[in-house]
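Notes follow the structure.
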Amino acid sequence: MLEERGFATVALASVRAQAEKTRPPRALWTTSQMGRPLGEPNDPAFQRRVILAALALLERTDGPVILADFTEDPAGWRDSPGWVPPVLPDGFAAEITAILPLWHQAQTRYGRTSVGLSFLAPEAWPGFTAGFLAGALPVTAPFETAALSLRFVCDDIKALYGEAAQAVGAAPSARQVDAWFWRQTEAGRLLLALRDTAMASENNALKTVGGRFFVPVPWLP
């Protein structure tokens with residue numbers, strides 16, 4: 001409809017199969033992580049190359065459907081040899097206690113954080129998530145459902161660990177952070193368990209958010 005009214009459009013696609021199915025007028029597929037179609041933060045040169053490649057599709061006349069690939073991998077796929085992952089104790093509660101100082105260091109280093117969607121302090125996460133594993137459906141303000149409450153706690157957990165991993169030393173690649181979180185931390189194992197619990201729940205909303213938002217597909221068992 002936009003095209004019919006004279007507005008040229010181009011989409012950035014993270015999932016090529018989806019672009020092939022929906023067939024937008026123009027789409028550029030990138031190999032970046034979901035949620036990062038322009039590549040990694042703090043990499044303006046790469047981001048500019050993606051944007052210019054996308055805008056270049058507006059000049060092509062071989063449509064009406066143009067699906068192109070941006071074949072350059074972002075820096076996040078290339079491992080950083082100087083990065084050493086944090087060594088954390090066993091148990092989610094102990095792990096949170098140990099990782100919080102690193103998270104605070106990361107905030108000082110970068111001057112920002114994306115943690116806070118759940119409106120729940122990190123110290124409260126172990127007890128809150130344990131309730132779900134025990135079969136309860138706790139709800140936290142300002143949310144009105146247990147499903148949303150748990151979804152945003154899971155988002156905060158992933159964000160906090162991802163930021164803490166970059167607190168000191170060489171910056172890790174996105175792939176290194178993901179591999180460490182999902183395969184070496186109690187938090188990663190907790191989110192996998194929460195997903196299993198949500199998928200087995202009779203609460204349809206919890207089942208939906210658990211299946212879609214807790215664990216990225218590449219890190220499912």
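What follows draws every value from the coordinates through simple rules; no lab data is involved. What you are looking at is a predicted structure, and each value in this text was computed from that prediction instead of being measured. Virtual Cβ from ideal backbone geometry, glycine too; neighbours counted across all protein chains shown.
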Study note, to complete from the structure: the chain: relative contact order from alpha carbon pairs under 8 Å, six or more residues apart, as a whole percent, is 18 percent
Review point. Using the alpha-carbon atoms, what tilt in degrees (0 to 90, nearest 10) does helix 44-56 show relative to the longest principal axis of the chain?
Key: 40 degrees
Review point. Among L102, L117, L150, which one moves the most in a GNM of the chain with springs linking Cα atoms closer than 10 Å?
Key: L117
Practice item. Between A98 and W219, take the C-beta separation as r, use R0 = 25 Å, and let me know the FRET efficiency to the nearest 0.05. Key: 0.65
Practice item. List, largest first, the extents of the alpha carbons of region 57-123 along their principal axes, each in whole Å. Key: 58, 34, 25
Point to revise | Alpha-carbon radius of gyration plus Dmax, which is the widest Cα pair, for region 3-77 in Å | key: 12.5, 39
Check your understanding: Got a sec? Which residues in region 134-154 would a label at A124 touch, if it sits 7 Å along Cα→Cβ and we count backbone N under 11 Å?
Key -> 139-143
**Study point:** Highest to lowest packing among 48-55, 154-161, 203-210, scored as the average C-beta count within 10 Å
**Key:** 154-161, 203-210, 48-55
Point to revise | Helix 146-164 vs. the chain, principal-axis angle (Cα, 0 to 90°, nearest 10) | key: 80 degrees
Practice item. Averaged over every viewing direction, what's the projected area of the C-alpha convex hull for the chain? Give it in nm², one decimal, please. Key: 14.7 nm²
Check your understanding: What do you get for Rg/Rh over region 85-160 if you use C-alpha atoms and the Kirkwood form of Rh?
Key -> 0.99
Review point. For region 126-174, what is the largest minus smallest coordinate of the Cα atoms on each principal axis, given in angstrom and ordered from greatest to least?
Key: 41, 22, 15
**Study point:** Radius of gyration and maximum dimension Dmax of region 92-219, Cα, Å
**Key:** 14.4, 45
